[in-house]
Protein chains: 2
Amino acid sequence: MTAGGQDNRDKAQRVTMATVGRIAGVSQVTVSRALSDPSKVAPGTLRRIRAAVDATGFVPNALAGALASRRSHLVSALVPSIANLTYAAMIHAFGSSLRDAGYQMLLSETGASPEAEEHAVRLHLSRRPDAMMLTGVTHSAGARRALIGADIPVVELWDISESPVDFCVGFSHAEAGRAAAEFAVAQGYRRAAVIYADDERARRRKAAFASRFAALTGAEVADSPLHGAASLGAGRAGLSALLDGPGLGGGGVVFCSSDVAAQGALAEAQARGLSVPRDVAVIGFGDQDFAVDTVPPLTTVRVDRERLGRLAAQQLLARIEGTGTTETKYDLGFELIARASA
Amino acid sequence: MTAGGQDNRDKAQRVTMATVGRIAGVSQVTVSRALSDPSKVAPGTLRRIRAAVDATGFVPNALAGALASRRSHLVSALVPSIANLTYAAMIHAFGSSLRDAGYQMLLSETGASPEAEEHAVRLHLSRRPDAMMLTGVTHSAGARRALIGADIPVVELWDISESPVDFCVGFSHAEAGRAAAEFAVAQGYRRAAVIYADDERARRRKAAFASRFAALTGAEVADSPLHGAASLGAGRAGLSALLDGPGLGGGGVVFCSSDVAAQGALAEAQARGLSVPRDVAVIGFGDQDFAVDTVPPLTTVRVDRERLGRLAAQQLLARIEGTGTTETKYDLGFELIARASA
DNA sequence: GTGAAAGCGCTAACAT
DNA sequence: ATGTTAGCGCTTTCAC
């Protein structure tokens, strides 16, 4: 009745591998082996150890394990925002792939600024992740230096670059903008405008769209920058400004930097009693799951976010295991999906 | 030229506090002190240490620090899905509050099953978080046991219970359903239906709505369960099934388990040329940012997700520091927002 | 198949 | 103000 009751009065007595071993009648190392590679331990021993684990509710200390083995089984992921639907499916796929391989994702938001990102990079590196994922290809010099010094695989996701820190998985945002412009012209539109979020990649798509559209038609492209994140309301306001201004007087097509903004444009048109695409046409970006169900269904640029996330994770894992390639750029492209809104 | 060049041929030479100390001419502990509490170190020493840190690109090893101090400055967060907008703002607020206090959030998705959650709980506990956040109040017995054994503060968010593992921050889903029913009846609706996602809390809101509406009007409430996650398409399909079935023949009001589903119902009504709320009225749930911008603006149940997330983080942090209360339930309530859709 | 010893890079006492 | 000594709870290496 007093068994072992002597020294658990202070703090909750910590259960370690040594505790489990004592109960199972083996040493601490054997417990370690039983948990990490059961085949290295005799069946009977294994049974006793497992019983002791259950009896004590032992939870291994991954901190100590990582410190000793220099493998944390942690992969860092830095994204501008987790509330942004644009990245959600990609992060989900990335995280799932990691989990399937026995890794955990340490996710943080960095906002839009490179300085905040650099701070987050350092913070994450202090946890000794086995690899890191960054969004986009623009990073501060300090962040690049820290990353290189960490000597771990690093993937830059959602964009491509000729000089990644390590390797990148994404697509060309400029090409996507150009493709949208070419589609718009092919559809017969001769007036165009852009509604875009305040985001570096969105600006690149916008610039490419505008210059390509102008080159093809000679028409200048009006634009309406969104303040803050893309949202239904921001999209509505964007189209509203365009419609009330000189840019889109006689109708035309509006290229939006996200499907959410495009959905807002659709709502604004609906509220004004305008017919889409007759009075104003809308092209989105991203092909979110809802794009097919809007009224009318949204013409948009599809990016396979699941595949981006999965490939990034796979390549990272391969490099962690040392079986990776030396490829530095994976361009997964995009696809223009013509539905009814443009 | 050959300075220190002797033993960095194998793997990248690890920079530790000892390395930094050697360069700065102090011992390893002094480096530790300089970094954790600069006031404990002489100004000159501090300068030399900082110079050495910069020169070497030293990044502290938080694994070792956590192991030695038994404080990881890590807080676990388990949510059903990160792609679900319902939780996004709450997680964001939760994570931001933690970051401001010097903690990092270790976020994982658990899906809907308690078994998957239990597995995630164990995995997270192995990282020795200083606290943990769980979504909802339904957990497996094993998960509860592990959590209690871990002896850390645990908050259950987004719902309330009389017997939380530690404490909970949320609101009553049943009351929210009842409030929606009362509002619907007060608006004069005598026929109602529910579109709901396959989620325990959504089912509770639906059941409470249905029984209250029936009690008040004598009318039975039809329902349309969504398969899988709520989405625009699922909401459209939900209303479609209701409209084509017997349940909502002569019009009435539809209570949706999320604003996204409600937005889908709006889209379906629009596609069918139905007027909202005249032909069919719609009540959402959540008051997402877009609810005010739909056409017509969405009548919905507001839940202050930011406040939920912030309060959960604050209480967790207070308990970590030992300054917390022993309160076990924070009911933050909800508010019915009457706009134009019902 | 199992154990003993060393050490991962820090922090927490306790000196001085 | 700074250093010394002991761990934290594991994995790795080498013995047996």
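Structure notes:
- The residue that is farthest from the chain's Cα centre (by Cα), counting only those in the stretch B:265-288 that are within 11 Å of chain A (Cβ to nearest Cβ) and in contact (Cβ under 8 Å) with a residue 40 or more places away in the chain, is B:L266.
- Some residue of the stretch B:105-119 being under 19 Å from the mean Cα position of the chain (by Cα), under 24 Å from B:E321 (Cβ atoms) and in a helix (DSSP H, G or I): no
- Restricting A:S72, A:S108 to residues that are more than 12 Å from DNA strand D (Cβ to nearest atom), within 28 Å of A:Q314 (Cα to Cα) and not aliphatic (A, V, I, L, M) narrows the list to A:S108.
- Flag for B:V15 being away from chain A (no Cβ under 11 Å), outside any helix (DSSP H, G or I), more than 12 Å from DNA strand D (Cβ to nearest atom) and in contact with a helix residue (DSSP H, G or I) (Cβ under 9 Å, 6 or more places away or on another chain): no
- Test: residue in the stretch A:93-102 that is at pLDDT below 95 and at the interface with another protein chain (Cβ under 7 Å from one of its Cβ atoms): no
- Every residue from the stretch B:164-190 that is without any contact (Cβ under 8 Å) to a residue 40 or more places away in the chain and under 20 Å from the mean Cα position of the chain (by Cα): B:V165, B:H173, B:A174
- Test: B:R71 is surrounded by fewer than 21 Cβ atoms within 10 Å (Cβ to Cβ), within 16 Å of DNA strand C (Cβ to nearest atom) and more than 9 Å from every other protein chain (Cβ to nearest Cβ): yes
- Single residue of A:V59, A:V53, A:V29 found to be in contact with a Ser or Thr (Cβ under 6 Å, 6 or more places away or on another chain) and within 15 Å of DNA strand D (Cβ to nearest atom): A:V59
- Within the stretch A:289-319, if we keep just the residues that are over 24 Å from A:G177 (Cβ atoms) and touching a residue at least 40 places away in the same chain (Cβ under 8 Å), the residue that is farthest from the other protein chains (Cβ to nearest Cβ) turns out to be A:Q315.
- Per the listing B:P129, B:P80, the residue uniquely within 16 Å of DNA strand D (Cβ to nearest atom), touching a residue at least 40 places away in the same chain (Cβ under 8 Å), more than 8 Å from chain A (Cβ to nearest Cβ) and closer than 28 Å to A:F58 by Cα is B:P129.
- Condition met for B:R178 (within 12 Å of another protein chain (Cβ to nearest Cβ), assigned to a helix (DSSP H, G or I) and of a type in the set (K, R)): no
- When the residues of the stretch B:53-66 are filtered to those that are in contact (Cβ under 8 Å) with a residue 40 or more places away in the chain and within 8 Å of DNA strand C (Cβ to nearest atom), the one that is farthest from the other protein chains (Cβ to nearest Cβ) is B:F58.
- In the stretch B:272-289, residue farthest from B:G333 (Cα to Cα) [restricted to those that are out of contact with any Lys or Arg (no Cβ under 8 Å at 6 or more places or on another chain) and crowded, with 24+ Cβ neighbours inside 10 Å]: B:V280
Yes/no per residue for (1) more than 30 Å from A:H139 (Cα to Cα); (2) surrounded by 24 or more Cβ atoms within 10 Å (Cβ to Cβ); (3) acidic (D, E):
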| site | (1), (2), (3) |
| --- | --- |
| A:G218 | yes, no, no |
| A:G228 | no, no, no |
| A:A241 | yes, no, no |
| A:A262 | no, yes, no |
| A:D293 | yes, no, yes |
| A:G309 | no, yes, no |
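- Residue among B:I82, B:I91 that is in a loop (DSSP other than H, G, I, E, B), crowded, with 19+ Cβ neighbours inside 10 Å and more than 16 Å from DNA strand C (Cβ to nearest atom): B:I82
- Residues in the stretch A:270-296 that are farther than 10 Å from A:S341 by Cβ and in a loop (DSSP other than H, G, I, E, B): A:R272, A:G273, A:L274, A:S275, A:R278, A:D279, A:F285, A:D287, A:Q288.
- Which listed residue is closer than 24 Å to B:I160 by Cα and in contact with a Gly (Cβ under 9 Å, 6 or more places away or on another chain), from B:A230, B:A237: B:A230
- Cβ-Cβ under 6 Å pairs, at least 6 apart or on other chains, the stretch B:20-45 side in contact (Cβ under 8 Å) with a residue 24 or more places away in the chain and more than 14 Å from every other protein chain (Cβ to nearest Cβ), far side among the hydrophobic types (A, V, I, L, M, F, W, C) and more than 10 Å from DNA strand C (Cβ to nearest atom): B:I23/B:A52; B:A24/B:I49; B:A24/B:A52
The values are calculated or read from the model by the stated rules, or taken from the named source; none is laboratory data. Because the structure is a prediction, the values reported are computed rather than measured. Neighbour counts run over all protein chains shown; Cβ positions are idealised from the backbone, glycine included.
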